[in-house]
Amino acid sequence: MDRKLVGIPASPGIAVGPVHLLRWEIPEVKHRIITDDAIPGEIERLHDAFARAKERLAQIRDRVERTAGKQEAAIFDAQRFILDDTDLTSAVEELIRQNIGAEKAFEIVMFEWSQRFAHAPQAMLRERVGDLKDVEIRVLTMLLDLPDHDPVDLPKGAEAILVTHDLTPSLTVQLDRTAIKAIATDTGTRTSHVAILARSLGLPAIVGLRTATQQLNGRETAILDGSTGLLAINPSHQDIDAYRERARQEALAEAELRHLATLEAVTTDDVRITLRANVDLPEEADLAATSGAEGVGLMRTEFLVLGRASMPDEDEQYRAYKRVVEAFGGRPVVIRTFDIGGDKLPVGGFPPEPNPFLGWRAIRMCLDQPELFSTQLRALLRAAVHGNVHIMLPLVVTVDEVRAARALLDEAAVELERRGVAFRRDVPLGVMIETPAAAVACDTFVNDVAFFSIGTNDLVQYTLAVDRGNANLASRFTPLHPAVLKLIRRTVFTAKQHGIDVAVCGEMASQPLMAFALIGLGVRQLSVAPRSVPLVKRIVRGISVEVAEEAANSAASKGTAAEAAEELRRHLTDIMADEALFADGLPTGELESSL
Ligand code: PEP
Ligand code: MG
């Protein structure tokens, strides 16, 4: 093996394969002054690059339509329209006639257009900013004769390990998922949207590798271990054999855990814990239903919008929600309204913000765009006919937001009634507790909501002022910080006092040591990634609430997250000695030495 790169484990599993390096960034362009004689040739070069870019787009469009669907492919039509715009070509030609090289002339015009689009009052134009960037990369790649790193340009069955700087929504939609075995990114953390998506797709992933795209040239082979965060470059045959053996053992361990699917999630002192699944894509519903989950604790609907040029309409949403609801029979399915913004799918139409995580995100964006929000609410009320739907609002900080959402929900019901469409009116409405404001003042919500669900990914981010997606801060993102534990305890206490259901649906619930802490803090409902259901169930069945409470109280009284973890680990290993390997859900270091 040449070397090892270590990142943040984001989605478990082992993959061995060729590296597919995807550099989807605007290349550097040199300023070239051309002579008058060279002008016609430069203009011809421009037209030729446009023609080749259009040809490429047509290929991609067809491929995406075949692999992902019509809606997903529509994004490429938008890019084609940009290339067909005669204003664009004339503006670039005009600059070339002023003796500027074609690529610089094109870059200058694209910059002007991006600025204009980004600040345009019409959403339609703002929606095109991401497309402009893609078009710019495509044309400059042609003009500068650079290697084409197109994400769809993978031979069928390549089984490649995709290495890229940041997996954006538009890149994700272009990926031929059948040709990709695993994902590695320079940016991101366990809780960033790329990691969440990789887990949903069941693809092993490492994030936060920082410089992988600079260190690799795309001609390597690699082993990616999504459980330890290790990317081994150009491994020897022995390395590969060792990892294949480890993959075999992991598969065996997983199969063994699957036996737990039909068993109850009950502690050794007979306390029932409700274990539900987080579902991000409707296609995941069946896997979640067979994993032993007792319903869905969080469906992230924003993934329906992934990489699309426009929002799905009411009927399309209704069908997606219905699919998940029906997979779970009459069991509760908590569907969260769009949480768009932050690092999550900045679909077009949203002006760029200096601070997206503190910006126009989630419930704020929905309430400000009642038409978009009401469409989703109507689809939810209709899907509720088919099972036990709960509606959940993300990122609330004040009860006013809940009241405004309820008013829109009531209007949605009136509208459906007027149309004579089947729907259900008595759908429980709840909130995510994922801001310190909501946690500290959770008592202010109790008369207006039916349930709380603690979103620890954001709660940790906002409490500790640590960007959840910033790989440089990953070691500071500590869910066991005393402030976080105290906020959770307070929320659970208030919920119980007022007879309100409370669950945890953030990543914390999926990590065994932290699930142990949550149960100790009084949480009785956990919602985790479908693949984590059996593992968390095993922890639940191996612990007693009595010991968990003792451990959690003692952990919450510690001054630091490290001390809290130590305290929890000590208690957990005492009762589940052979589970020590899983005790913190973090890399053990043991696998590295096995290479
Ligand atoms: C959370 O914030 O913990 C959560 C579950 O929501 P998301 O990760 O989608 O922001
Ligand atoms: Mg959240």
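The values are calculated or read from the model by the stated rules, or taken from the named source; none is laboratory data. Source: prediction; values computed, not measured. Note that we place each Cβ from the backbone using ideal geometry, even for glycine, and neighbour counts take in every protein chain shown.
Whenever a residue of the range 493-514 is closer than 16 Å to residue 468 by Cβ, its partners that are of a type in the set (Lys, Arg) and within 16 Å of ligand 2 (Cβ to nearest atom), lying with C-beta atoms within less than 7 angstrom and at least six residues away or across chains, give the pairs 507/190. Being within 16 Å of ligand 1 (Cβ to nearest atom) and at pLDDT below 90 holds for only one residue in 281, 275, and it is 281. The numbered conditions (1) away from ligand 2 (no atom under 16 Å from the Cβ); (2) free of Cβ contacts under 8 Å to residues at least 60 places away in the same chain; (3) part of a helix (DSSP H, G or I) are all true for residue 270 except (3). Among residues that are more than 15 Å from ligand 1 (Cβ to nearest atom), in contact with a Gly (Cβ under 8 Å, 6 or more places away or on another chain) and modelled with pLDDT of 95 or more, residue 492 is included. Scanning the range 216-262 for residues being surrounded by 13 or more Cβ atoms within 10 Å (Cβ to Cβ) and outside any helix (DSSP H, G or I) gives a total of 18.
For the subset of the range 399-440 comprising residues that are free of Cβ contacts under 8 Å to residues at least 24 places away in the same chain and among the hydrophobic types (A, V, I, L, M, F, W, C), which member is farthest from ligand 2 (Cβ to nearest atom)?
Going through the range 399-440, the residues free of Cβ contacts under 8 Å to residues at least 24 places away in the same chain turn out to be 400, 407, 410, 414, 417-420, 426.
Still in the running and among the hydrophobic types (A, V, I, L, M, F, W, C): 407, 414.
Working: 407: 23, 414: 30 Å.
Top of the filtered list is 414.
Yes/no per residue for (1) within 16 Å of ligand 1 (Cβ to nearest atom); (2) of a type in the set (A, V, I, L, M, F, W, C); (3) crowded, with 21+ Cβ neighbours inside 10 Å; (4) assigned by TED's automatic domain parsing to the domain that holds residue 65:
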residue	(1), (2), (3), (4)
315	no, no, no, no
353	no, no, no, no
360	yes, yes, no, no
366	yes, yes, yes, no
369	no, no, no, no
374	no, no, no, no
388	no, no, no, no
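In summary, residue 526 fulfils each of the numbered conditions (1) of a type outside the set (Gly, Ala, Ser); (2) in a helix (DSSP H, G or I); (3) modelled with pLDDT of 95 or more with the single exception of condition (2). Screening residue 8 with (1) outside the structural domain of residue 191 (by TED's automatic domain parsing); (2) surrounded by 14 or more Cβ atoms within 10 Å (Cβ to Cβ) gives one miss only, at (1).
Name the helices (runs of 4 or more DSSP H) wholly within the range 307-424 that hold at least 1 residues that are touching a Cys at 6+ places or on another chain (Cβ under 6 Å)?
Numbers: elements: 314-327, 362-368, 370-383, 399-419.
In the range 307-424, the matching helices (runs of 4 or more DSSP H) lie at 370-383.
Take the conditions on the phi > 0 side of the Ramachandran plot and in contact with a Lys or Arg (Cβ under 8 Å, 6 or more places away or on another chain) and apply them to residue 208. Does it pass? Spelling it out, it is not the case that residue 208 is on the phi > 0 side of the Ramachandran plot and in contact with a Lys or Arg (Cβ under 8 Å, 6 or more places away or on another chain). Quick check, is residue 446 within 16 Å of ligand 2 (Cβ to nearest atom) and β-branched (Val, Ile, Thr)? So residue 446 does not fit the description; no.
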